[in-house]
1. Beyond a 21 Å Cα-Cα separation, which of these cross-linked pairs lie in this structure: LYS29/LYS92; LYS29/LYS71; LYS3/LYS74?
2. What base-10 log of the normalised intensity I(q)/I(0) is obtained for the stretch 3-93 from the Debye formula, alpha carbons as equal point scatterers, at q = 0.11, 0.22, 0.23, 0.24 Å⁻¹?
3. Quick query: amide H of MET84 versus all other amide H atoms, modeled in the peptide plane; which residues come in under 5 Å with a sequence gap of 5 or more or a different chain?
4. Give the distance, in whole Å, between the Cα centre of the stretch 50-94 and the Cα centre of the stretch 1-16.
5. Mean separation of Cα pairs under 8 Å and 6+ residues apart, divided by the residue count of the chain: what relative contact order is that in percent?
6. Counting other Cβ atoms within 10 Å of each Cβ, which GluC sites (Glu not before Pro) in the chain have at most 16 and sit in a DSSP loop?
7. Using Cα positions and a limit of under 16 Å, work out the aspartates and glutamates in reach of LYS39, with same-chain residues fewer than 8 apart set aside.
8. Dipole of the chain (Lys/Arg Cβ +1, Asp/Glu Cβ -1, origin at the Cα centre): which of TYR4, ILE65, VAL48 lies farthest to the positive side?
Amino acid sequence: MSKYNITFADIGATVSVPRGTRIVEVAEKVGASIPFGCKENDCGECLVEVLQGVDNLSTPSALEIELLKQKFAKPGCRLACQAMVQGDVTLKPA
Ligand code: FES
């Protein structure tokens, strides 16, 4: 299975993960400072700014897009509990 790097810019950590891994699955393990609430696309707490590789994340669902709009998220922001890795990405809490 293909592996890709998630770099958490806030703590300077890079983790190699299998394709399809959700950011939430590794963020807490490595001590990234992304806040999580519901982990179910409901609260928007886990908003992250993707600094590199935004196209290397899964396509956002209609529900994620709606919540991003409600949170006035800038372009390039995603929900860490929803986005799945499909290539190398670098991100930080928004
Ligand atoms: S933790 Fe609530 S939307 Fe991601």
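All of the numbers you see were taken from the coordinates with simple rules; none came from a lab. Since the structure is predicted, the reported quantities are computational estimates derived from the model, not experimental observations. Every residue, glycine as well, gets a Cβ built from its backbone with ideal geometry; the counts of neighbours run over all protein chains shown.
1. Long pairs (Cα-Cα over 21 Å): LYS29/LYS71; LYS3/LYS74.
2. -0.24, -1.05, -1.16, -1.27
3. Answer set, sorted by chain and number: SER58.
4. Using only Cα atoms, the two centres lie 15 Å from each other.
5. Once normalised by length, the contact order is 41 percent.
6. Filter output for the chain: GLU40, GLU45.
7. Reachable aspartates and glutamates: GLU25, GLU28, GLU64, GLU66.
8. TYR4
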